[in-house]
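Before any comments, here is the structure.
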Amino acid sequence: MTGERNIWVFIEQEEGHIADVSLELLAKGGEIARQLGSEVWAVLCGEQVNELAQRVIWHGADQVLLAEDPQMAVYRTLTYFRVITGLVKQYQPYIFLIGATPIGRDLAPRLASALKVGLTADCTDLQIGDYTSRKENKTYKDLLYQVRPAFGGNIIATIVNPKTRPQMATVREGVMRQNVPDPTRKGRIEKVKTAFEPEDFALRVLSREKREPKVRLKDAPVIVAAGAGVDSLEEFELVRELANALGGEVGASRAAVDAGYISKEHQIGQTGSTVRPRLYIAAGISGAIQHRAGMDQSSKIIAINTDPNAPIFQIAHYKIVGDVAEVLPLLIKSLREKAK
Amino acid sequence: MPFNRPFHSVVLVKQVPDTHNLTGEVMTAEGTMNRNALPAIFNPEDLNALEMALSVKELVGGSVTVLTMGPLQAAEVLREALFRGADRVVLLSDRKFAGADTQATSYTLKCAIDKLDEFDLVFCGRQAIDGDTAQVGPQVAEKLGIPQITYAEAVIEVQDDEIVVRRAFELGTELVICRLPCLLTVVGSANRPRPASARRRIEYKMAATTNEYPKLLKKWPEFADEQTLGEYLTGRKLNIEVWSAADLNVDESGLGLGGSPTQVYKVNYVVLETIDSKEIQPTAEGISALISELVKEYIVG
């Protein structure tokens, strides 16, 4: 084993914008590195992205491996794959963390396959701990516990990679907190060479169309979310009205999205966004485990449901047994009166 | 540019428990999983992958071979694939494959693809609903040494040695051109998978693996024994091939649980932690008092 036990974080950037999850991982990587007495290294690829390297240091990187090449201006699997596999083989990090974004989920499995190491997808928590293999009668010290929901969120599995290095995981956006950037923080920037093979250019991007996200659920201080109990357009309008009155966003359970009241972008839960607002109002949401997985870290939860035994009430700070059609107007009215 | 040759496709599919339609009964009172309560289904996005492969074949000719790895019961999804238009199906089944993580799974699938004839395209669903990892597709591509096009939504154009594909993300699309052969992982928005054809359903309902022969013999007593049944089925291409580790050119240390670098350290069944909640009456007074409390605690306002 190499002595350094460094934690690597892949910095996902597009057009000079760093993905939030990469910054979240720098913070988590720092926590782990302190435990292991090692460092956080960032892998930053792109064209003319050296200005981002400083920011990456402010957010917690001790060293930035900076791979700049016009061929890496836009993310493509094979060019990134070529450069990063080379770096991993050269430096042999102990842990390698990548955001579970469309890009991260394209890149990470291919890297893990080539490096012949284990990879755990979509983790929601990471910890360091020991693992005893009963079969081998052997204890592995200081492994990365990779915690992820499985089976539609009904179980939480902790996965380890006892033998292969780096221990790789992709991590969901929004489940970890970023550091406040510290402009006095010092770190090293190492420019690395890039070299490609002809087959790395087997795929070319002809055109791209991007659109801005319409909703930023992750940053909303207040979310009013609709579930199956909101069963008409009129009732859905009440949800919007309450969200507006609170200066918040509209969220939804899968049931409400499937019913067609709102687009998938608003979905919260296992297959949607993970949120932790100051206030979460669950309107007509029963609280299936898949939904709770995306919102149970909210500071305050108000649940409205006609069924007094709905599971959502078990995690709600305020329980209102009643029909959303009656309760929502009362909430809106009361808020407007208080605002006067 | 006009194409002038048929395309041969391989589709990787998986039989999965229907985790998207879990009901209360799936969890036992002790909080463990009652797996028998979960119906086994054709992984939804694998149906989209099959549909894309079939439509390419309809466009330029060629063939569609469907592979799955799983227990013998997984023959069911292969019959479903035959009903929809697959030309050939193969079941990879062996105790040695069991307990595989994505690394061992992709290695097994890669070795099976090596055993097939040459191919132009490999299709698979973006991810399976039991694990949601989306790792097997890219890992098979890496092991085959071919490019991957993840999140494929539409095949726009096929040329002799290149393919133009639209990729779809939550926040946009990308048009790419890629050299062949390559692997595509297909998203659910790609297409509406065709239903099983009634004609093919009749034609292929007897398609079976050899271990299903005893069951079939009970249904069709006109066959004297498994051998005559087998000859009949093979003659009509109704035998579902089953490949074990011995049929593949594999390093057995890369298979199954032993070939899996990841290990499950522990599994916790999610138990609701109940918190003390305050009951609010659904009346004007009750709600007004709630809002006052939230304002006072700076949660609202």
(request) Shielding by partners for B:136-143, please: the mean number of other protein chain Cβ atoms within 10 Å of each residue's Cβ. (result) 6
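To the nearest 20 debye, what charge dipole does the protein assembly as shown have about its Cα centre, counting +1 at the Cβ of each Lys and Arg and -1 at the Cβ of each Asp and Glu?
Working: 73 positive and 83 negative charges, 140 e Å.
The calculation lands at about 680 debye.
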(request) Using only Cα atoms, find the angle between the long axis of helix A:324-339 and the longest principal axis of chain A, and express it within 0 to 90 degrees, rounded to the nearest 10. (result) 80 degrees
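Between the DSSP loop rule and a limit of at most 16 other Cβ atoms within 10 Å, which trypsin sites (Lys or Arg not before Pro) in the range A:208-238 are left?
On the way: sites: A:Arg208, A:Lys210, A:Arg211, A:Lys214, A:Arg216, A:Lys218; in loops: A:Arg211, A:Lys214, A:Arg216.
Hits after loop and neighbour filter: A:Arg211, A:Lys214, A:Arg216.
Stokes-Einstein at 37 °C, 0.692 mPa s, Kirkwood radius from Cα pairs: D for chain A in µm² s⁻¹?
Values: Rh = 21.9 Å.
Once the numbers are plugged in, D ends up at 150 µm²/s.
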(message) If I fit a long axis through the Cα atoms of helix A:233-245 and take the longest principal axis of the Cα atoms of chain A, what angle between them do I get, 0 to 90°, rounded to 10?
(response) 70 degrees
(request) Would you work out the relative contact order for chain A, in percent, from Cα pairs under 8 angstrom that are 6 or more residues apart? (result) 14 percent
(message) If you average 1/r across every pair of different Cα atoms in the protein assembly as shown and take the reciprocal, what Kirkwood value do you get, in Å?
(response) 26.6 Å
(request) Tell me what the protein assembly as shown gives for mean residue ellipticity at 222 nm when only DSSP H runs of n ≥ 4 count, each as -39,500 (n - 2.57), the sum divided by the residue total, rounded to 500 deg cm²/dmol. (result) -8500 deg cm²/dmol
(message) For the pair B:Ala198/B:Thr274, report the inter-label distance in nm, with labels modelled 7 Å from Cα in the Cβ direction.
(response) 5.4 nm
(request) Quick one: check the C-alpha center-to-center distance for the range B:241-301 versus the range A:78-127, whole angstrom. (result) 24 Å
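Suppose a student asked you for the relative contact order of the range A:7-201, using Cα pairs under 8 Å spaced at least 6 residues apart; what percent would you report? Please list the in-between numbers first.
On the way: 413 pairs, mean separation 55.6, N = 195.
This gives 29 percent for the range A:7-201.
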(request) Could you work out the relative contact order of chain B, using alpha carbon pairs under 8 angstrom and six or more residues apart, expressed as a whole percent? (result) 22 percent
(request) Would you mind giving the three semi-axes, in whole Å and largest first, of the ellipsoid equivalent to the range A:7-201 according to its Cα gyration tensor? (result) 26, 19, 16
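Express as a percent, rounded to the nearest 5, the fraction of DSSP beta bridges in chain A (both residues included) that run antiparallel. Could the numbers behind the result be given before it?
Values: 15 of 61 bridges.
Given both bridge residues lie in chain A, the antiparallel proportion sits at roughly 25 percent.
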(request) Would you mind computing Rg(Cα) / (2.2 N^0.38 Å) for chain B, counting N as its residues? (result) 1.25
(message) Averaged across B:149-162, how many Cβ atoms of other chains sit within 10 Å of each residue's Cβ atom?
(response) 1
(message) Test of the criteria: in the range B:136-215, which trypsin sites (Lys or Arg not before Pro) are in a DSSP loop and have at most 15 other Cβ atoms within 10 angstrom of their Cβ?
(response) B:Lys205
(message) On a full-extension model of 0.36 nm per residue, what is the gain between B:Thr283 and B:Asp117, subtracting their alpha-carbon distance, rounded to one decimal in nm?
(response) 52.6 nm
(message) Could you check the spin-label model distance between A:Glu47 and B:Glu231? Points 7 Å from the Cα along Cα→Cβ, value in nm.
(response) 6.8 nm
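As an exercise, use a Förster radius of 30 Å and the Cβ-Cβ distance of A:Thr85 and A:Gln127 to find the FRET efficiency, rounded to the nearest 0.05.
E(calc), rounded to 0.05, equals 0.65.
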(request) Using R₀ = 45 Å, calculate the FRET efficiency as 1/(1 + (r/R₀)^6) where r is the Cβ-Cβ separation of B:Glu58 and A:Thr306; round to 0.05. (result) 0.35
(request) Report the charge-dipole magnitude of chain B in Debye, nearest 20, computed about the Cα centre from +1 at each Lys and Arg Cβ and -1 at each Asp and Glu Cβ. (result) 820 debye
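Using a ≥ b ≥ c from the Cα gyration tensor of the range A:103-145 (square roots of the eigenvalues), is it rounded, prolate or oblate, where a/c under 1.5 gives rounded and otherwise the larger of a/b and b/c decides, a/b for prolate?
Details: a/c = 3.42, a/b = 1.75, b/c = 1.96.
Because a/c hits 1.5 or more and a/b fails to exceed b/c, the range A:103-145 counts as oblate.
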(request) Mind computing the radius of gyration and Dmax over the alpha-carbon atoms of the range B:145-301? Å is fine for both. (result) 29.1, 84
(request) With a point put 7 Å past each Cα toward its Cβ, work out how far A:Arg211 is from B:Asn211 in nm, to one decimal. (result) 4.8 nm
(request) Could you work out the mean count of beta carbons from other protein chains within 10 Å of each residue's beta carbon in A:112-120? (result) 6
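With a ≥ b ≥ c taken as the square roots of the eigenvalues of the C-alpha gyration tensor of the range B:82-194, please select rounded if a/c is under 1.5 and otherwise prolate if a/b is larger than b/c or oblate if it is not? Don't skip to the answer; put the middle values down first.
Numbers: a/c = 1.59, a/b = 1.38, b/c = 1.15.
Because a/c hits 1.5 or more and a/b exceeds b/c, the range B:82-194 counts as prolate.
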(message) Let's see if you can work this out: charge +1 on each Lys and Arg Cβ, -1 on each Asp and Glu Cβ, no other charges. What is the dipole magnitude of chain A about its Cα centre, in debye to the nearest 20?
(response) 880 debye
(request) With everything on Cα atoms, drop me the angle between helix A:102-115 and the longest principal axis of chain A, reported from 0 to 90° to the nearest 10. (result) 40 degrees
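Read-outs: derived from the displayed coordinates by stated rules, not from any lab. The structure presented is a predicted model; accordingly, all values stated were derived computationally and were not measured. Glycine also receives a Cβ, built like all others from the backbone with ideal geometry; neighbour counts cover every protein chain displayed.
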